[in-house]
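These notes are about the structure you will find just below.
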């Protein structure tokens, strides 16, 4: 209600003059307070910029580029132009010679003793890293550690005096619409400040651990590695990427959320490398049709498609289980599970709540280390069956043979049913099943023969199920597909 409307209401009531005046005064105070609260934008960002700029740095790197063994100009030996081209290339730094390449970026100091955070891509392969401070002072930096998965790197400089620094804030409480400030070295122009708002949260670009804040604060080439501040002067993101058709800012920039960065920085500082938790499962999101087949009330959680040797297998987690909770966190989808597992300490014992056979099951798992298990391969069961071809559920399938294993490039112990053909008008085709795929489970039980698949289909129909869950592998990558049993 506006002040004018409130005043009309007050005057309509026959109150004594003193009470009437008091009521109007209170109304004016309330309206002014609401107006002040609504105007969260300060009159100027100058004080904030002046306070935090000394902790922001420009980063220059130098890299030796190997000699080019395939020069652009090839002049026949003995040619009258041979001497001319040799002199020309010598004067213009022949591509056969190693050369120095430089790059520019940004960063920020996080401690008085000289630890500096930036992007991995700013310093990757650099031979020399030079830090320029707001004061103009320059210092050489040492690389402490880096994490390509989150594009974060930690540097260290030695200074005789304590350095101005900034602290990380809690990115989880940042809201869409909040004001933010970016400071960096855009296009090599030196220290530059831009302001905008948080446009979106929880953006993913290409990495497993992505959790980006999207902002319209101007970010350009050279801003990479610089800080994104809230209005309290806390770092809530590390400016990493832009979305642009022309290489310049169009108001879509991405900053890795500080709550991801702090965990990485702590590990780099302590170990010089990351040490992420590892559960040891391959997973996919739970789609609506899969949720219905598994009798889940909602399409949420992470569906386990494979369990190689590792912590999950040791704990008794099975393919076909749906992970509903991990270490007290409700699991919404696979992306969230990957992040919270990766952030968990190696060796920690956690409780995992699963959905199995229509009921919740709780298991204890001791986490391994992800970096030590990058090449873990799933195990498969052998099968020795005569080839039988059958058309079912829009698929032409046959049992595995040594010839098919060789033809499809499968391991010697690969088992299951090979998809020979798919009817293009079928639901299976719509769900992405293709010739050459391998069906290893049906109804969450292993299948190696056509007869076993037919048994699973009949059992599902007798149980009144509307669809059957198949585990399909392609190039070793598993995923679940729910196919309708309605004829």
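The values are calculated or read from the model by the stated rules, or taken from the named source; none is laboratory data. No experiment lies behind these values; they were computed from the predicted model shown. So basically every Cβ, Gly included, is an ideal-geometry build from the backbone, and we count neighbours across all protein chains shown.
Being under 30 Å from residue 266 (Cβ atoms) and assigned to a loop (DSSP other than H, G, I, E, B) is a condition met by no residue of the range 349-365. Of all residues in the range 172-215, those that are in contact (Cβ under 8 Å) with a residue 12 or more places away in the chain, in a loop (DSSP other than H, G, I, E, B) and surrounded by fewer than 19 Cβ atoms within 10 Å (Cβ to Cβ) total 10. Of the residues 253, 237, 272, the single one that is more than 17 Å from the chain's Cα centre (by Cα) and more than 30 Å from residue 305 (Cα to Cα) is 272. Quick check, is residue 288 surrounded by fewer than 19 Cβ atoms within 10 Å (Cβ to Cβ) and modelled with pLDDT of 90 or more? When the stated conditions are applied, residue 288 does not pass them. Name the residue, out of 304, 290, that is within 30 Å of residue 476 (Cβ to Cβ), assigned to a strand (DSSP E or B) and more than 15 Å from the chain's Cα centre (by Cα). From the options 304, 290, the qualifying one is 304.
Looking only at the range 314-332, decide whether some residue is touching a strand residue (DSSP E or B) at 6+ places or on another chain (Cβ under 8 Å), assigned to a strand (DSSP E or B) and farther than 24 Å from residue 480 by Cβ. No, the range 314-332 has no match at all.
When every residue of the range 235-257 is checked against the conditions, none turns out to be touching a helix residue (DSSP H, G or I) at 6+ places or on another chain (Cβ under 9 Å), at pLDDT 90 or above and outside any strand (DSSP E or B).
Scanning the range 416-430 for residues that are outside any helix (DSSP H, G or I) and either at pLDDT below 85 or surrounded by fewer than 18 Cβ atoms within 10 Å (Cβ to Cβ) (or both) gives 420, 421, 423, 424, 425, 426.
Taken as a whole, the condition of being out of contact with any helix residue (DSSP H, G or I) (no Cβ under 6 Å at 6 or more places or on another chain) and surrounded by 22 or more Cβ atoms within 10 Å (Cβ to Cβ) applies to residue 301. No other residue among 456, 473, 479 is surrounded by 18 or more Cβ atoms within 10 Å (Cβ to Cβ) and either in contact with a helix residue (DSSP H, G or I) (Cβ under 9 Å, 6 or more places away or on another chain) or touching a residue at least 60 places away in the same chain (Cβ under 8 Å) (or both) apart from 479.
Condition (residue is crowded, with 23+ Cβ neighbours inside 10 Å and free of Cβ contacts under 8 Å to residues at least 60 places away in the same chain) applied to the range 132-140: is it met by at least one residue? No, because not a single residue in the range 132-140 is crowded, with 23+ Cβ neighbours inside 10 Å and free of Cβ contacts under 8 Å to residues at least 60 places away in the same chain. Evaluated against (1) more than 20 Å from residue 308 (Cβ to Cβ); (2) under 34 Å from the mean Cα position of the chain (by Cα); (3) modelled with pLDDT under 90, residue 360 falls short on exactly one condition, (3). Of the set (1) surrounded by 15 or more Cβ atoms within 10 Å (Cβ to Cβ); (2) assigned to a loop (DSSP other than H, G, I, E, B); (3) at pLDDT 85 or above, all apply to residue 468 but (2).
Does the range 400-415 contain at least one residue that is closer than 18 Å to residue 481 by Cβ, outside the structural domain of residue 358 (by TED's automatic domain parsing) and surrounded by fewer than 16 Cβ atoms within 10 Å (Cβ to Cβ)? No: the range 400-415 contains no residue that is closer than 18 Å to residue 481 by Cβ, outside the structural domain of residue 358 (by TED's automatic domain parsing) and surrounded by fewer than 16 Cβ atoms within 10 Å (Cβ to Cβ).
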